[in-house]
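Before any comments, here is the structure.
The values are calculated or read from the model by the stated rules, or taken from the named source; none is laboratory data. Bear in mind the structure is a predicted one, so any value in this text is a computation, not a measurement. Neighbour counts run over all protein chains shown; Cβ positions are idealised from the backbone, glycine included.
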Ligand SMILES: NC(=O)c1ccc[n+]([C@@H]2O[C@H](COP(=O)([O-])OP(=O)(O)OC[C@H]3O[C@@H](n4cnc5c(N)ncnc54)[C@H](OP(=O)(O)O)[C@@H]3O)[C@@H](O)[C@H]2O)c1
């Protein structure tokens, strides 16, 4: 049993912290900017709530975060009353936010200045993956810190991998998002075409999902796409945040991502349709409007 803090009890963080307490049996302290959520979590799971990230991190062996973006992450770590004010020497900070590789490197250096460790550990698997404790976790950092953190992370994961030095977890998550962007657009075009051709979409997907076109998105999203239902899942606003990070990194490393850049603009169209919180599969909606 370890002393663990969790910062950021959103859609993802709330159940992940729950698994650390229940499955992991760890001693949990939680912090959330909106204090009521932390109170609700503590009532449900029986941990301690902290008034600030600094208060939460004080004396812990492992400190987790899962907040929105780079600036949110800076604010809860190196900002005023941030976790790095109190993080103890030897502690491991594990960040589950989808953020840039740049901020991961910056926070790795800041943690090391306190003789602590930093691992970037973005996740894939969505809300259901977090609730069921079956996320894929892509890590970047030092091997010794990762070896210590891995069994703790594993309570909310199906797969935990060290991809390389700090930032490699975020770079791997970027590849994940690149692969999803073009694929979802392809799936949207396929369903759109099938409807125009007058075919039974359910029947079509039932057959082609068993062949080379099959994918997680096809399996898990075709029914709701066919029904025009998008009020769930991974929000378009979050996807645009992720693609922004991807395209900035590509400008730095020279990668050519024409389809990803185009799909990013298609997501801007979805936002203009009022679909900021719609699932990423809503790319079909702009073809049907
Ligand atoms: N949802 C998904 O399916 C999914 C899948 C994979 C990865 N992710 C990534 O995981 C991260 C979290 O996603 P989510 O869906 O859990 O988001 P969310 O429900 O919006 O939760 C965000 C959390 O961060 C906190 N926060 C945001 N800005 C903050 C700040 N400046 N200071 C302190 N706390 C702050 C929020 O506090 P309040 O409660 O006070 O707002 C909330 O606890 C994002 O980076 C997202 O891209 C999400």
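In region 105-131, of all residues being part of a loop (DSSP other than H, G, I, E, B) and at pLDDT 95 or above, the one that is surrounded by the fewest Cβ atoms within 10 Å (Cβ to Cβ) corresponds to 113.
In this structure, is residue 251 on the phi < 0 side of the Ramachandran plot, within 16 Å of the ligand (Cβ to nearest atom) and modelled with pLDDT of 95 or more? In short, no. Of all residue pairs spaced 6 or more apart or on separate chains, those with beta-carbon atoms under 6 Å, a first member in region 88-112 that is assigned by TED's automatic domain parsing to the domain that holds residue 130 and free of Cβ contacts under 8 Å to residues at least 40 places away in the same chain and a second member that is away from the ligand (no atom under 13 Å from the Cβ) and in a helix (DSSP H, G or I) are 93/111; 110/84. Taking the conditions (1) under 16 Å from residue 105 (Cβ atoms); (2) touching a residue at least 40 places away in the same chain (Cβ under 8 Å) in turn, residue 141 satisfies each one other than (2).
Scanning region 64-104 for residues that are away from the ligand (no atom under 11 Å from the Cβ), assigned to a helix (DSSP H, G or I) and either within 18 Å of the chain's Cα centre (by Cα) or surrounded by fewer than 17 Cβ atoms within 10 Å (Cβ to Cβ) (or both) gives 101, 102, 103, 104. For residue 188, are the conditions met, namely being in contact with a helix residue (DSSP H, G or I) (Cβ under 6 Å, 6 or more places away or on another chain) and closer than 23 Å to residue 246 by Cβ? In short, yes. A count restricted to region 169-207 and to residues that are touching a residue at least 60 places away in the same chain (Cβ under 8 Å) and in contact with a strand residue (DSSP E or B) (Cβ under 6 Å, 6 or more places away or on another chain) stands at 3. If the condition is being under 22 Å from the mean Cα position of the chain (by Cα) and closer than 16 Å to residue 183 by Cα, then region 263-289 contributes 263, 264, 265, 266, 267, 279, 280, 281, 282, 283. Only one of the numbered conditions (1) more than 21 Å from the chain's Cα centre (by Cα); (2) modelled with pLDDT of 95 or more is violated by residue 18, and that is (1). For region 209-245, the tally of residues that are more than 12 Å from the ligand (Cβ to nearest atom), touching a residue at least 12 places away in the same chain (Cβ under 8 Å) and more than 20 Å from residue 128 (Cα to Cα) stands at 4.
Return yes when residue 51 is in the same structural domain as residue 149 (by TED's automatic domain parsing), at pLDDT 95 or above and in contact with a strand residue (DSSP E or B) (Cβ under 7 Å, 6 or more places away or on another chain) and no when it is not. Steps first, please.
Working: in the same structural domain as residue 149 (by TED's automatic domain parsing): yes; at pLDDT 95 or above: yes; in contact with a strand residue (DSSP E or B) (Cβ under 7 Å, 6 or more places away or on another chain): no.
So residue 51 fails the test.
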